[in-house]
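Beneath this line is the structure, given in structure tokens, with notes to follow.
The numbers here are math on the coordinates, done by the rules we state, and not lab data. Remember, predicted model here, so these are calculated numbers, not experimental data. Counting neighbours? That spans all protein chains shown, and the Cβs are built from the backbone with ideal geometry, glycine included.
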Amino acid sequence: MKVFLETERLILRQLTSEDADNLFQLDSDSEVMRFINGGKPTRYETIQHQLLPQWLAYYDQYQGYGFWAAIEKASDEFIGWFHFRPASDNPDEIELGYRLKQPVWGQGYATEGSRALISTGFNELGTQRVAALALLTNKASIRVMEKLGMQFEKKYIHQTHQEEVVKYFLAKSDFW
């Protein structure tokens, strides 16, 4: 297990091929997937043969960026994942995202893990700008972005989701 960083309550570690079951369980919860794809589960084969190999490739491709399994320290349980990676539409921008199990929603894990990644990015990785997206209807994720000090940038129809999304950002110069 290769730990990337730790917070008071979380360990963020590299994903491994053994995480396919964890990811499948996470993506099988229709409430977790509601703001991703309308609540549809991700097929196990898709996780195992497409998503996980793409995510694992980040560790070789980008030093300090990628997808990180979120482990709750108190229970030693997989509770979801975070990503902190170069944005697909702007390689000078780092995209922040996460997906957490429903039982841990509302406990501050999204903010805690995100804050640690942003701090590591700005202080250790040379990150200059972090962005995050959420569906306009995902008020909880928008609230997390606001708690992190991110600023609203724009609202638009997302090409993949065909729904309204909001984009927030935080520049290193505005970092708390």
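Among the numbered conditions (1) surrounded by fewer than 19 Cβ atoms within 10 Å (Cβ to Cβ); (2) touching a helix residue (DSSP H, G or I) at 6+ places or on another chain (Cβ under 8 Å); (3) of a type in the set (Asp, Glu); (4) closer than 18 Å to ALA134 by Cβ, the only one that GLU8 does not meet is (4). Could you please find all residues in the stretch 45-74 being assigned to a strand (DSSP E or B) and under 11 Å from GLN14 (Cα atoms)? Of everything in the stretch 45-74, those that are assigned to a strand (DSSP E or B) and under 11 Å from GLN14 (Cα atoms) turn out to be GLY66, PHE67, TRP68, ALA69, ALA70, ILE71. Within the stretch 53-112, the set of residues being of a type in the set (Gly, Ala, Ser) and within 13 Å of the chain's Cα centre (by Cα) comprises GLY66, ALA69, ALA70, GLY80, ALA87, GLY97, ALA110.
Results for (1) part of a loop (DSSP other than H, G, I, E, B); (2) basic (Lys, Arg); (3) surrounded by fewer than 18 Cβ atoms within 10 Å (Cβ to Cβ), shown as yes or no for each residue.
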position: PRO91; (1), (2), (3): yes, no, yes
position: PRO103; (1), (2), (3): no, no, yes
position: GLN107; (1), (2), (3): yes, no, yes
position: GLY121; (1), (2), (3): no, no, no
position: ALA134; (1), (2), (3): no, no, no
position: ALA140; (1), (2), (3): no, no, yes
position: GLU153; (1), (2), (3): no, no, yes
position: TYR156; (1), (2), (3): no, no, yes
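Residues in the stretch 91-102 that are in contact (Cβ under 8 Å) with a residue 24 or more places away in the chain and more than 21 Å from LEU15 (Cα to Cα): ASP92, GLU93. Remark: THR42 matches the filter, which requires a residue to be surrounded by 13 or more Cβ atoms within 10 Å (Cβ to Cβ), of a type in the set (S, T, N, Q), outside any helix (DSSP H, G or I) and at negative phi.
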